[in-house]
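K.L.:
Can you read through this structure? Questions will come right after.
The values are calculated or read from the model by the stated rules, or taken from the named source; none is laboratory data. Keep in mind that what you see is a predicted model, and the values were worked out from it rather than measured. Glycine gets a Cβ as well: all are built from the backbone with ideal geometry, and neighbour counts include every protein chain shown. Keep in mind that these areas ignore ligands, DNA and RNA; they rest on the heavy atoms of the full protein, side chains included. Shrake-Rupley method; radii C 1.70, N 1.55, O 1.52, S 1.80 Å.
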Amino acid sequence: GKIDKTGRGTQAGQGYGMTEVCGMISTSTGFFLSDKPTSAGLVLPIYDVKCVDKEGNTLPTGETGEICVRGAQVIKGYLNRPDATAETIVDGWLVTGDIGFVDADNFIYLVDRAKEMVLRGGENVYCSEVEVALYKFPDIAECSVFSVPDERLGEEVGAAIYPTPGTHPTAAEIREFCKTLLAAYKAPRYIWILEDPLPRNASGKFVKRALQESLNLEDAG
């Protein structure tokens, strides 16, 4: 039949999944999406999902922790990588590496990647939350937030920013803007304003590790 390119009859949808479960963990469309637009979707009935703290203890519903998934579609392990398997599959649960929570209706909410979270003087700073705030600044085209080693606090918040072409925001302006939207300790202590777009991998994601390794602390604003 003829393909309708107008978009009529289509609806928005979003979901959450990973290679280790051979596809989707949760999905949301229609009324589900409009009712909970910030959710990554309702957990599919073939999975059990829980969130755990740093010690691996199961957290109550609604509390933020590392998301773990159990079900028939979860891989048994990584081929010839027993260490990686032992780290990722714990008592039959897949430890996803994602920080988030599950609400009382079994919808998943994602907060950050565990390895990307900044631990600043005992306070957790979620990079995704800081990035959302930065994108509300009118002159930022691209940004990436990450941890920067700090002697006193262990880690500090850093941000690499590619401004909208033709604009010239300063680090001080950006930092003060963040403080109007976030707690002061979450505002980036180190800000790099770059002349080129941020590096991406083949799938279009920002490569934070490569970015961190390419930046010098003395160049930060």
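K.L.:
Identify the residue in the range 203-213 that is open to solvent by 40 Å² or more (accessible area, probe 1.4 Å) and without any contact (Cβ under 8 Å) to a residue 12 or more places away in the chain and, among all such residues, is farthest from A160 (Cα to Cα). Give the steps one after another, and end with the answer.
P.N.:
To start, the set of residues in the range 203-213 that are open to solvent by 40 Å² or more (accessible area, probe 1.4 Å) comprises 203, 205-207, 209-210, 212-213.
Subsequent filtering for residues that are without any contact (Cβ under 8 Å) to a residue 12 or more places away in the chain retains 203, 205, 207, 209-210, 213.
Working: S203: 20, K205: 14, V207: 11, R209: 12, A210: 12, E213: 12 Å.
Looking at the filtered set, the residue picked out is S203.
K.L.:
Inside the range 150-163, can you point out the residues that are open to solvent by 40 Å² or more (accessible area, probe 1.4 Å) and either in contact with a helix residue (DSSP H, G or I) (Cβ under 9 Å, 6 or more places away or on another chain) or farther than 25 Å from G122 by Cα (or both)?
P.N.:
Step one: list which residues in the range 150-163 are open to solvent by 40 Å² or more (accessible area, probe 1.4 Å), which gives 151-152, 154-155, 162.
Passing the criteria: only Y162.
K.L.:
Report yes if G121 is touching a Leu at 6+ places or on another chain (Cβ under 6 Å), modelled with pLDDT of 95 or more and small (G, A, S), otherwise no. Step through it out loud before you land on a result.
P.N.:
Numbers: touching a Leu at 6+ places or on another chain (Cβ under 6 Å): yes; modelled with pLDDT of 95 or more: no; small (G, A, S): yes.
Criteria not met by G121.
K.L.:
On to the next question. Looking at (1) of a type in the set (V, I, T); (2) open to solvent by 80 Å² or more (accessible area, probe 1.4 Å); (3) modelled with pLDDT under 95, find the lone condition where T29 falls short.
P.N.:
Result: T29 fails condition (2) only.
K.L.:
Out of all the residues in the range 203-219, which are hydrophobic (A, V, I, L, M, F, W, C) and not in a helix (DSSP H, G or I)? Please lay out each step first, then the result.
P.N.:
To start, the set of residues in the range 203-219 that are hydrophobic (A, V, I, L, M, F, W, C) comprises 206-207, 210-211, 215, 217.
Selection gives F206, V207, L215.
K.L.:
Here's another thing I want to ask about it. Can you pull out every residue in the range 164-202 that is crowded, with 18+ Cβ neighbours inside 10 Å, out of contact with any strand residue (DSSP E or B) (no Cβ under 8 Å at 6 or more places or on another chain) and outside any loop (DSSP other than H, G, I, E, B)?
P.N.:
Listed by number, the residues that qualify are F177, C178.
K.L.:
Name the pairs whose Cβ atoms lie under 6 Å apart, with the first residue in the range 125-151 and touching a residue at least 24 places away in the same chain (Cβ under 8 Å), the second of a type in the set (S, T, Y) and part of a strand (DSSP E or B), and 6 or more positions between them or separate chains?
P.N.:
Taking only residues 6 or more apart or on different chains, the pairs are A141/Y162; E142/Y162; V148/Y190.
Okay, residues lined up against (1) out of contact with any Gly (no Cβ under 9 Å at 6 or more places or on another chain); (2) hydroxyl-bearing (S, T, Y); (3) under 26 Å from M18 (Cα atoms):
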site: T96; (1), (2), (3): yes, yes, yes
site: A104; (1), (2), (3): no, no, yes
site: L110; (1), (2), (3): no, no, yes
site: E123; (1), (2), (3): yes, no, no
site: V157; (1), (2), (3): yes, no, no
